[in-house]
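The values are calculated or read from the model by the stated rules, or taken from the named source; none is laboratory data. This one's a predicted model, so the numbers in the text were calculated from it and none came from an experiment. Neighbour counts are summed over all protein chains in view; Cβ atoms, including those assigned to glycine, are modelled from backbone coordinates with ideal geometry. For accessibility, only protein heavy atoms count, side chains too; no ligands or nucleic acids. Shrake-Rupley method; radii C 1.70, N 1.55, O 1.52, S 1.80 Å.
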Amino acid sequence: MIPVKNEREISVMRRACKITAAARALAGDMVRPGVTTKEIDKAVHDFIVSQGATPSFLNYSGYPASACISVNNTVIHGIPDGRVLQEGDIVSVDVGAYWGGFHGDCAATFACGKISAEAQRLIDVTRQSFFEGVKFARQGNRIVDISRAVQSYAESNGFSVVRDFIGHGVGEHLHEEPEVPNYVTPRRGPRLVRGMTIAIEPMINQGTVAVRVLKDGWTTVTADGKLSAHYENTVLITDGEPEILTVTEGL
Ligand code: CO
């Protein structure tokens, strides 16, 4: 069963998601040469806690940090550590906050100092692929309509769509139904109904689609060592325009 949120639950999710989006923005502002990924993680943690919320990822299936910070060829689930960010890096930051019984989940890839034109194009296409997909996040459509739009946009720009990880419903649980792939699958997926809240999160590679998980069980890297970018928002299905919940306005 896909959870459908009532008005009260949606108000709570709005706040959880604003906290999450503000944590993403704060992390993005910290991305510059010389900063360690652990420093960014600490700032994310302390901000979320200062808002009376809990970092959704900390201890989730044993995950050891509040943010996932994935640099360059790391696709997702990079574990913050003493790595010092360098000029030219691209840095994906994924955060989640739990407030009032509900989670928000969002991510973005940030440029560290001056980056190559091709790296910037990967970031821009990844972000835009989310916005192409979210246009179809409307009552009556199916999940596959979102997936198709994300995939067509990314692939028509010469990039590849990661298959091994997908978006998901988000609410009382960080991961709940429905599955939200960023590529077309034989199953069209369920029809969308107002009150559903989903995380649409394209993970887009510069080279081939293949990814590999390192021995730490989390860090997911591109098999060919090329760059990868990520962009995610939590989105509410309404009876009209989709509402992106992970926005900072009004926190
Ligand atoms: Co997610």
**Study point:** Hits in region 216-251 (condition: within 23 Å of Glu176 (Cβ to Cβ), open to solvent by 20 Å² or more (accessible area, probe 1.4 Å) and among the polar types (S, T, N, Q))
**Key:** Thr238
Revision key, fill the gap. Scanning region 159-173 for residues that are out of contact with any Ser or Thr (no Cβ under 6 Å at 6 or more places or on another chain) and assigned to a loop (DSSP other than H, G, I, E, B), the one farthest from the ligand (Cβ to nearest atom) turns out to be Phe159
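Report the residue count in region 95-118 for those that are part of a strand (DSSP E or B) and either out of contact with any helix residue (DSSP H, G or I) (no Cβ under 8 Å at 6 or more places or on another chain) or surrounded by fewer than 24 Cβ atoms within 10 Å (Cβ to Cβ) (or both). Write out each step before concluding.
Step one: filter region 95-118 for residues part of a strand (DSSP E or B), giving 95-99, 102-111.
Narrowing further to those that are either out of contact with any helix residue (DSSP H, G or I) (no Cβ under 8 Å at 6 or more places or on another chain) or surrounded by fewer than 24 Cβ atoms within 10 Å (Cβ to Cβ) (or both): 98-99, 110-111.
Total meeting the criteria: 4.
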Revision key, fill the gap. With the first residue restricted to region 139-162 and required to be over 21 Å from Glu177 (Cβ atoms) and open to solvent by less than 10 Å² (accessible area, probe 1.4 Å), and the second required to be in a loop (DSSP other than H, G, I, E, B) and among the β-branched types (Val, Ile, Thr), Cβ contacts under 6 Å at 6 or more apart or on different chains are none
Review point. From the set of residues in region 204-251 that are of a type in the set (Val, Ile, Thr) and in a loop (DSSP other than H, G, I, E, B), which is nearest to the ligand (Cβ to nearest atom)?
Key: Thr246
**Study point:** Flag if Gly52 is at pLDDT 95 or above, over 13 Å from Ser228 (Cβ atoms), touching a Ser or Thr at 6+ places or on another chain (Cβ under 6 Å) and not aliphatic (A, V, I, L, M)
**Key:** no
Practice item. Could you identify the single residue in Gln128, Gln86 that is in a loop (DSSP other than H, G, I, E, B) and open to solvent by 40 Å² or more (accessible area, probe 1.4 Å)? Key: Gln86
**Study point:** Residue check, Ser50 more than 15 Å from the ligand (Cβ to nearest atom) and surrounded by fewer than 22 Cβ atoms within 10 Å (Cβ to Cβ)
**Key:** yes
